[in-house]
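Working notes, structure below.
Values quoted throughout were computed directly from the atomic coordinates according to the rules given, and no laboratory measurement underlies them. All of these numbers come straight from a predicted model, not from anything done at the bench. Note: ideal-geometry Cβ built from the backbone for every residue, glycine included; neighbour counts use all protein chains shown.
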């Protein structure tokens, strides 16, 4: 089998941040890397699940809603993939991610889509941990620019 693109990234040098992972036609996949790979610090399932619900809801209710294709966690629990149409610029993606994580960090109330009839694992949410992780990511991307969005070799 061919090696898929995400497995060709050197995870030994990968830092936290926002990266262009791949471009497929008019779809751009962004790597929202919240944890340094293979360092023993990973997103908890509850935090990751809650971030997914809030981020996806936020992104699909904002000005980019018709251009957001997918927001979902990485199986390795080090971050998320954000897929958008190529009409969303890198600067706009950075702004969207910052705003989404700021929204998550301050979120109060019921997690969207977290009722039993709405979610396949409704018991595994952790809003407090999600808020902490979002606040930590905001520190990482505070001064992020489009020039930072390329993986290091």
With R₀ set to 22 angstrom, the calculated FRET efficiency between the beta-carbons of residue 39 and residue 99, to the nearest 0.05, is 0.20
In degrees from 0 to 90, rounded to the nearest 10, what is the angle of the helix 90-105 Cα long axis to the longest principal axis of the chain?
30 degrees
Pairwise centroid distance, computed over Cα atoms, of the range 57-133 with the range 1-45, Å
17 Å
Give the peptides 56-67, 123-134, 105-116 in descending order of average Cβ contacts within 10 Å, highest first.
123-134, 56-67, 105-116
By count of other Cβ within 10 Å, fewest leading, how are 87, 78, 29 ordered?
87, 29, 78
Counting alpha carbon pairs within less than 8 Å and at least 6 residues apart, what relative contact order, in whole percent, applies to the range 5-143?
27 percent
Obtain the nm distance between the two label points defined at residue 63 and residue 136 by a simple spin-label model: each point lies 7 Å from its Cα along the Cα-to-C-beta direction.
3.1 nm
Debye log10 I(q)/I(0) at q = 0.21 Å⁻¹ for the range 5-143, Cα point scatterers
-1.39
Return 4, 18 ranked ascending by Cβ neighbour count within 10 Å, so the fewest neighbours appear first.
4, 18
In Å and from the alpha-carbon atoms only, list the Rg and Dmax of the range 9-72.
13.5, 37
For the chain, what does -39500 (n - 2.57) per DSSP helix run (n ≥ 4), summed and divided by total residues, give at 222 nm, in deg cm²/dmol to the nearest 500?
-10000 deg cm²/dmol
